[in-house]
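A quick write-up on the structure given underneath.
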Amino acid sequence: MFVVENKFTVLINTSKKHYFIKNWNRISKLFKSMQLNIIFEQSRRLIIISNQKNCIVPTILFKGLMFIRLVNRNVPYMQSKKIFNDSHIGTIIKINRKSNFLLNNFIIRLYKENRAKHMGKLTSCTIIPYGETLSIVGQTMDVIYLVKALGNLKLSKPICQPKKFI
């Protein structure tokens, strides 16, 4: 049980502000059911997440933070909600496209050929490319394997690795 109240603040993208306004009721109900407090300051585009003092699970605050970060990066609500399950995690991978031609080419193919959907079916993960990041939600081991595969992709030869992975 927490003795003190902890807080996190997340800055919301301008383009996602209206999404949060529209879906605020179901997001706030989800957070209340998880024993979390959530405040949306629309004028400053901030979401403040805090735990209740009687909260039993210490990791729930970090899961709430990850939920907001995933929704902020265009991961659908239902897929983002899965991270509150104990068997699921979410992660965001930053990609430096300028320094890695192979990875840049791979991400462009994810966008153009809708390959993120196919990779998600192979690993039972949801993969959403957004800017220079990849948002991944899924079962713990699947996400770990996918992150390792993407890490290996950075170090591999440009010709054969993307074909092997996809």
message: Kirkwood hydrodynamic radius, computed over distinct alpha-carbon pairs, for the range 1-87: how many Å, to one decimal?
response: 13.1 Å
- request: Using the heavy atoms of the protein chains and a 1.4 angstrom probe, tell me the accessible area per residue for the range 1-96 in square angstrom.
  value: 57 Å²
message: Can you give me the % of accessible surface on the range 8-80 that is carbon or sulfur? Probe 1.4 Å, all protein chains present, nothing else counted.
response: 56 percent
query: Which aspartates and glutamates have a Cα lying under 20 Å from the Cα of K53, excluding residues fewer than 8 positions away in the same chain?
result: E5
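The values are calculated or read from the model by the stated rules, or taken from the named source; none is laboratory data. Not measured: the values here are computed from a predicted model. Accessible surface is based on the protein model in full, side chains and every heavy atom, while ligands, DNA and RNA are left aside. Shrake-Rupley method; radii C 1.70, N 1.55, O 1.52, S 1.80 Å.
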